[in-house]
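The values are calculated or read from the model by the stated rules, or taken from the named source; none is laboratory data. Predicted model only: the values in this text are computed from it and were never measured. When we count neighbours, we look across all protein chains shown, and the Cβ atoms used for this are built from the backbone with ideal geometry, even at glycine. Just so you know, the surface numbers come from the protein's heavy atoms only, side chains and all, with ligands and any DNA or RNA stripped out. Shrake-Rupley method; radii C 1.70, N 1.55, O 1.52, S 1.80 Å.
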Amino acid sequence: YNFSLYFLLEVERKIRANDREYNSSFKYATNSIKTSKYNPFTFLPLNLFEQFQRIANAYFLFLLILQVIPAISSLSIHSLLISEKWMNVQVGDIIKLENNQFVTADLLLLSSSEPLNLVYIETAELDGDTNLKVKQSLTVTGDMGDSLEDLAAFNGEVCCEPPNNRLDRFTGTLTFGTQKYSLDNERVLLRGCTLRNTDWCFGLVLFAGPETKLMQNCGKSTFKRTSIDRLMNILVLFIFGLLALMCIILAVGNGIWENHAGSKFNAFLPREENTAFSAFLTFWSYIIILNTVVPISLYVSMEVIRLGNSYYINWDRNMYHARTDTPAEARTTTLNEELGQIKYIFSDKTGTLTQNIMTFNKCSINGKSYGQDQSHILPRHKTPLQQSNMDFSFNRLADPKFLFYDHSLVEGVKLELPDVHAFFRLLALCHTVMAEEKKEGDLVYQAQSPDEGALVTAARNFGFVFRSRSPETVTIEEMGIQRSYELLAILDFNNVRKRMSVIVRNPEGKLSLYCKGADTIIYERLHPSCSELMKVTTEHLNEFAGEGLRTLVLAYKDLDEEYFSEWKQRHHESSVALEDREEKLEKLYEEIEKDMMLIGATAIEDKLQDGVAQTIEQLTKAEIKIWVLTGDKQETAENIGYSCNLLREEMNEVFVVAANSPEEVRQELRDARLKMCPDTEQDKFLIPEIILGNTPKVVQDENVNGEYGLVINGHSLAFALESNMELEFLRTACICKTVICCRVTPLQKAQVVELVKKYKKAVTLAIGDGANDVSMIKAAHIGVGISGQEGMQAVLSSDFSFAQFRFLQRLLLVHGRWSYLRMCKFLRYFFYKNFTFTFVHFWYAFFCGFSAQLGLDLSYWTVVNHLFVWGSLGMFFILTFTMYTDGLFQLRPSSFAFIGTARNCLNQPNVWLTVALTAILCVLPVAAYRFFYSQISPTINDKVQYRPAPRPRRTRLTRRSTRRSGYAFSHAHGYGDLVTSGRFLRRHAPARSMGLISTGRSPGFKPTGRSAGYSPVGREQNPKQKVEPTSLQMFRAVKDASF
C-alpha cells in the first residue's frame, strides 16, 4: 500500500459541499495525477540511480577517476457555470457529467436525468465487467435535479471513511439540514467508470487524484531488470575479485623485481626509490591496463542485440492482426531474452481470453436436442452459413443477425408444439431485461448479463418477443399476438439460491411459476414424474458441457389461486419483518419452488478469442503454469476455464475455496493440499537461497500424482494473502496445474503476482487488456497488453503489446527462446574474447619487469587488423583486373594474352555457380556432421522439435453439474427488487426551474456497452460509443444575479 503519512493518520473524512475554504483546511489531495516516470528535476538523479544498479557502471566511474591521476594513468596527460480541467477539481466541488463521459473523481451521486435519479455506469476500467450497473442517489439530493440555484446552495456535510483501495465497499453519512442519511457503495461513482444511457448527472467530489480508489489500486512503476542483468552483476563481482587478484600478483612481482633487478634497468625505466610505493602505484596502473577483463562494452553490445530482437517482434507478420490493423509491438528493448524464461503467466479473462459475446447455440426441449450443426453433411462447395441460415421471415420482429443451425426447431414453433411454445414463453417472461423500442419494431434489450440477453433474444427470434414491462405486467408478443401477463412476484437470483423464478397470471387468469437455474438445484425440486425426462436431459447436458457451453435448466409449475393468495400474504409479512427477513423469505421460496415440471435446458456459448485453447495447450506443454485473475464471477470464470482447456474433465479434482473467515480459508487450503500430497511435511517446503548475502525463502516445487485445479474467490483470497497465510495459499496453488482467482480487485491481482515473485524462483508474465490489469502488468517481470475494447491503459503500461491472446505463444516460444539463445551465445563469445585479450597483458607483465607497459598497442593493432582484412580483399580484385588489362598486353603480349578475361569471367553465371558450389562443399561436411549428431545423440530441444503432435481424442465426459450451471452463477444479486419497485421505469418528473426540460431519457437514447445492445451473433448491435472529451462544469455558490 502506497499511502502517504497523512493517509495513515486519517481516520475519517469530512467534506462540506461548495466550501473550498473549509475543505482546503484538511489539505486533501487535488485531482491532479502524474503517471510519468520522470520530471525535468528528477530525470538525472533517477536515471543515474537506475544505471548504477549495474555494478559495472560504478566500476567505470571509479576507473574514470583513476584515469585523471597522472601518476597512474595509462593515457597521455594531453590527452510541462465554470468550465474546469480535471486537474483543478477539488474535494467538495459539485461537478456535472454527461453521457459517455468518464467519471472524473470519486463522487457522491446527487441527482441525474433519469427517473428516480438512477444512473447507468460501465465499470470495465475498474473490474473488467462490461455489464451496466445501476446507481441511485438519495431522494433528498435527487430532488435538486439540475437546478443550479439548489445545487449551488447545497451545503451538506459528508463524514466518510479515509481513502482506501476497496472497490466494493463505502461507508459514510450525509448531514443535510437537521437530518443524517446513511451512505453506501450504491451512492458512489468511482473514477474510471463511464456514464452510459444517462443524459447528465451531478456529483459531490469525495476523493480526488491519488486518493481515488482507482489510483489506490494502481501499482507503482518499477525498473524491470532481466535475470541476465542480475547474473551479470554477480559475474562482474567475481571479475572484480579476479582483477584485484591479478593486480596484487603483479604488484608483488613489481616489488620483488625492483629489489632484485630494478637497478640494472635505470637507463630504460626510471626507478622509484621506495619499493613499496612503486608496487602500490603499479597495482593501480594494472587496474587500468587490465580493465578489459571487465565488460566495459558489454552493456552497449547487449542493448544493440536487444534492439535487433525487438525489431524482429515488430516485424513479425504472424503476430499482425489484420482485422484491427494492429501489429505486435515491443515497447521495451531490455526484456526480450526474459521472454524465453517464463514460468508463470497471470491472465485476465474478459477481453483477454474471451470476447464476452454470448450466442444461443443449442437447447433440449422435452427430451429432444436442437441446434446440431449440419455442416458435416453439406456439399463441399458451400459453407454452413450458406446452407443453414434459419428463415425467420414469419417473425417481423426477429433480429436478422441471429444465427441458428437447426431448422426442426423453427418447424416445431410453426406447428405450435406445446412444449416448444412453453420453452420460449418461459425465456420471454423469466428475466429482468429492459426493452427499449425507439421506433416500431426496433427493439434493443438492456440486460444485466450478456447470457440473459442471449436467452431473451433467442425467444424473440423464435416468435416470443419481449416488448415491455411495468412493475405489474410483462408484455410479450406470441407468434404475432400481443399478450400481457400480470407480474405477481419475482423470486430473485442470488449465489445461494442459484435460480430465478417469476409468478405470473396469463390473460386467461391462469397462475404459473416459471423457474430457471442450475441443474442440480432445479433437479432437487422437480416432480417425481419427471425422472425419465430428467435422465434424457442430463445426457444432453453432458454433451453441451463437453463442448464448453454454459447451460441452464428450465421448469414450470401451475399454482392454485387460493394457495397463492395465502402464500402472498405470508410473503408480504416476511418482506417487512425487522428480524430474520432473509431467512423467512428463503423458506417461502423453498416452499413454492417444489414439484415443478421439467421443460428442458439451454446451452449458451461464451465465445473465446481465436486460438485461445490451442495456445494454452502449447504453453502447458512448455511447463508454463497459467493463473487466471479476473474480476468476473466465480462460475463464469470456471466455465471459461473448461472452455479453454485450463480446467479439464480428466483432472483428478478441482478445489473451490469460497470460505468467509480466515480459519475456514486456512482449513480448506490445507485440506486441498493434504489431499494432493498426503505425505508432505509441514515445515520442509521452504528452502533458503543465498544471493549476495541475502537469504530469501523460496517455496520449492512439490511433485504430485495427477492433475488438480484450484478456484478461489476474491473474499477468500483477501484472507489467503495475509502474511500469516500467504505461504499456505502459495504452496497449495503451486501444486495445482491451474489456478483461477475470481472477483479480485486490481490490487489483489498485483498482490498475487508479488507473492509468486517473492517466494518462487521464477519469471512471471502478466497479460490483460483493461485499466484494472495495469497494477498486475506493472508488478510482473514482464507485462503484456492486449489492445482490445477496454481502452489502451493496459497497452500503455505494458512491455509488449498485440491484439490477440494467441500471439502469446509465438512471443514466448519463438521470439523469447531465440532471443535468449542469441544472448547466451553472445555472452560466451564476449567473455572468451575479453579474457583472452586480458591474459596476454598479464603474461606480458612477466617479461617487462612488471612495469605496467602495454603489451599490445591498440591503435597499431587496429590499423593492422583493418589493413589485412580490407586490404587483402582490395588487393585480390586489383591484381586480378590488372593482370588482364590492355597496358600489360601491349608491354608483354606473350605473357598477358587474355585481355578482359577477368571482367568477362565474372559476368558468366557458371563462374558464380562454381563459387557457390565450392562454398557449399566446404560447409556440407559440417552440416552433415551436425545433422547426424542430432539424430544419434539428440538434445531435449531436438526431441521436442521433432515429436509429432498427438491427434486430439474426444473423451466421454462425466457429469459435472458445477460447470454446467454457468448461467445461474453468472451475475450477482439480480434486479428483481428494482423491477417490482418501478424505480427504474419512466415517470414524468415535474419541470425544473429556469425553464429546463423535464427529466427522463432523451429521444436519442441509445444503450451502449456489451450488455445493453446484445447481439447473439458475435457483433454488438450498438457498438460502444466513442468517449467524448470531458469538460466538467463546476457550480459554486457565488453571488451572481444570473445564477
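The residue that is least open to solvent (accessible area, probe 1.4 Å), counting only those in segment 591-616 that are modelled with pLDDT under 90 and among the acidic types (Asp, Glu), is ASP606.
Return the only residue of ILE249, ILE287, ILE296 being at pLDDT below 80 and surrounded by 14 or more Cβ atoms within 10 Å (Cβ to Cβ).
ILE296
The single condition among (1) acidic (Asp, Glu); (2) more than 13 Å from ALA720 (Cβ to Cβ); (3) assigned to a helix (DSSP H, G or I) that GLU650 does not meet is (3). Those helices (runs of 4 or more DSSP H) of segment 727-824 in which 1 or more residues are among the aromatic types (Phe, Trp, Tyr) occupy 746-759, 807-810.
Could you check THR352 against (1) in contact with a Lys or Arg (Cβ under 9 Å, 6 or more places away or on another chain); (2) open to solvent by less than 60 Å² (accessible area, probe 1.4 Å) and say which number it fails? Exception for THR352: condition (1). With respect to (1) modelled with pLDDT of 90 or more; (2) open to solvent by 10 Å² or more (accessible area, probe 1.4 Å), the lone exception for VAL784 is condition (2).
If you go through segment 331-351 one residue at a time, do you hit one that is in contact with a Gly (Cβ under 7 Å, 6 or more places away or on another chain) and on the phi > 0 side of the Ramachandran plot? The answer is yes; a qualifying residue exists.
Assuming VAL864 fulfils every condition listed in (1) open to solvent by 80 Å² or more (accessible area, probe 1.4 Å); (2) in a helix (DSSP H, G or I); (3) aliphatic (A, V, I, L, M) apart from one, which condition is it? Exception for VAL864: condition (1). Take segment 827-839 and flag every residue that is loosely packed, with under 15 Cβ neighbours inside 10 Å and under 39 Å from the mean Cα position of the chain (by Cα). Matches in segment 827-839: ARG828, TYR829.
One line per residue, one yes/no per condition, for (1) touching a His at 6+ places or on another chain (Cβ under 7 Å); (2) farther than 24 Å from GLU617 by Cβ; (3) at pLDDT 90 or above:
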{"site": "ARG317", "(1), (2), (3)": "no, no, yes"}
{"site": "TYR320", "(1), (2), (3)": "no, no, yes"}
{"site": "GLU329", "(1), (2), (3)": "no, yes, yes"}
{"site": "THR333", "(1), (2), (3)": "no, yes, no"}
{"site": "LEU339", "(1), (2), (3)": "yes, no, yes"}
{"site": "ILE345", "(1), (2), (3)": "no, no, yes"}
{"site": "ASP348", "(1), (2), (3)": "no, no, no"}
{"site": "LEU353", "(1), (2), (3)": "no, no, no"}
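Yes/no matrix, rows are residues, columns are (1) part of a helix (DSSP H, G or I); (2) under 30 Å from GLY367 (Cβ atoms); (3) out of contact with any Ser or Thr (no Cβ under 9 Å at 6 or more places or on another chain); (4) not hydrophobic (A, V, I, L, M, F, W, C):
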{"position": "SER574", "(1), (2), (3), (4)": "yes, no, yes, yes"}
{"position": "ALA577", "(1), (2), (3), (4)": "no, no, yes, no"}
{"position": "LEU588", "(1), (2), (3), (4)": "yes, no, no, no"}
{"position": "LEU598", "(1), (2), (3), (4)": "no, yes, no, no"}
{"position": "GLU605", "(1), (2), (3), (4)": "no, yes, no, yes"}
{"position": "GLN618", "(1), (2), (3), (4)": "yes, no, yes, yes"}
{"position": "TRP627", "(1), (2), (3), (4)": "no, no, no, no"}
{"position": "GLY631", "(1), (2), (3), (4)": "no, no, no, yes"}
{"position": "GLU638", "(1), (2), (3), (4)": "yes, yes, no, yes"}
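Select from segment 490-499 the residues that are in a strand (DSSP E or B) and touching a Ser or Thr at 6+ places or on another chain (Cβ under 8 Å) and list them in ascending order. Matches in segment 490-499: ILE490, LEU491.
A quick yes/no check of all residues on (1) farther than 30 Å from ALA279 by Cα; (2) assigned to a helix (DSSP H, G or I):
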| position | (1), (2) |
| --- | --- |
| ASN834 | no, yes |
| GLN853 | no, no |
| TYR860 | no, yes |
| TRP870 | yes, yes |
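In the set (1) hydrophobic (A, V, I, L, M, F, W, C); (2) open to solvent by 10 Å² or more (accessible area, probe 1.4 Å); (3) modelled with pLDDT under 90, the condition left unmet by VAL413 is number (2).
Based on what the data block shows, is LYS568 open to solvent by 10 Å² or more (accessible area, probe 1.4 Å), closer than 26 Å to PHE360 by Cβ and of a type outside the set (Phe, Trp, Tyr)? No; evaluated as a whole, the condition is false for this residue.
Among the residues in segment 23-34, are any at pLDDT 70 or above and not in a loop (DSSP other than H, G, I, E, B)? Yes, segment 23-34 has at least one match. MET302 falls short of the stated requirement of being in contact with a Lys or Arg (Cβ under 7 Å, 6 or more places away or on another chain) and modelled with pLDDT of 85 or more.
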